[in-house]
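To start, the structure under review is shown below, and the notes come after it.
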Amino acid sequence: SWHPFYVPAFVEDPAALDGLLRLPDVQEVIQAWAHIDTALVGIGHFASQHQSSMLFYNYIGKAALQGLEQCRAVGDICGHFFDAQGHQCFEERRVIGIPLESLKALREVIGVAGATDKAPAILGALRGGYIDVLVTDSVAAKTVLDLDRSGVV
């Protein structure tokens, strides 16, 4: 079964965030996170999101972007960012999405991402243990393996 989750991923205004988190339908989904068996998630690539003002700048302030750059963020899952080693960059309090640690506790997390530019994000997600199954293309898979073997990332 699935639950619709009609909220923005990023909420800049603390009062708006608190209001959204109090909504009964939002609370229902958040409470359901503890009972999920399998999750299907996309793996976002930080560099491409950073370049897109439509996706990124309107939702995350300059200070947070600078923090992500200092952390050397490579990707995100459900709005939570991590570096190439899979370490979460920082606890983002303005994100409405299942926390990475909660994802790690699930029986199965299927990550979906492709293309060579997403390889560092895919590798970070794998190293962090955030996904159990990867759906990708052969070029991205080869690039991930090459990055891992080279130790560059």
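The values are calculated or read from the model by the stated rules, or taken from the named source; none is laboratory data. Here the structure is a predicted model, which means the values were calculated and not measured. Cβ: placed from backbone, ideal geometry, glycine included. Neighbour counts: every protein chain shown. The protein model used for the area step is the full one, side chains on, heavy atoms only, and it has no ligands, DNA or RNA in it. Shrake-Rupley method; radii C 1.70, N 1.55, O 1.52, S 1.80 Å.
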State which residue pairs qualify: first residue aliphatic (A, V, I, L, M) and inside region 63-78, second residue modelled with pLDDT under 90 and part of a helix (DSSP H, G or I) in any location, beta carbons under 6 Å apart, and separation of 6 or more residues or different chains. Ala73/Phe46; Val74/Phe46
Log entry, pairs with first residue in region 19-32 being in contact (Cβ under 8 Å) with a residue 24 or more places away in the chain, second being surrounded by 11 or more Cβ atoms within 10 Å (Cβ to Cβ) and of a type in the set (S, T, N, Q), beta carbons closer than 8 Å, six or more apart or on different chains, reads Leu21/Gln27
Looking across region 1-51 at residues that are of a type in the set (A, V, I, L, M, F, W, C) and in contact with a His (Cβ under 9 Å, 6 or more places away or on another chain), the single one that is nearest to Glu101 (Cα to Cα) is Ala32
Strands (runs of 3 or more DSSP E) lying entirely in region 80-153 (those with 2 or more residues that are buried (at least 18 other Cβ atoms within 10 Å of the Cβ) and in contact with a helix residue (DSSP H, G or I) (Cβ under 9 Å, 6 or more places away or on another chain)): 80-83, 108-112
Within region 119-143, tally of residues that are in contact with a Ser or Thr (Cβ under 8 Å, 6 or more places away or on another chain) and not hydroxyl-bearing (Ser, Thr, Tyr): 4
Residue count for region 19-48, restricted to those that are open to solvent by less than 80 Å² (accessible area, probe 1.4 Å) and within 30 Å of Ala63 (Cα to Cα): 17
Of the conditions (1) open to solvent by 40 Å² or more (accessible area, probe 1.4 Å); (2) of a type in the set (Asp, Glu); (3) modelled with pLDDT under 90; (4) under 17 Å from the mean Cα position of the chain (by Cα), Glu12 clears all except one; give me its number. (4)
Those residues that are of a type in the set (Val, Ile, Thr), under 27 Å from Glu101 (Cβ atoms) and at pLDDT 95 or above, I need them from region 129-153; list them, please. Ile131, Val133, Val135, Thr136, Val144
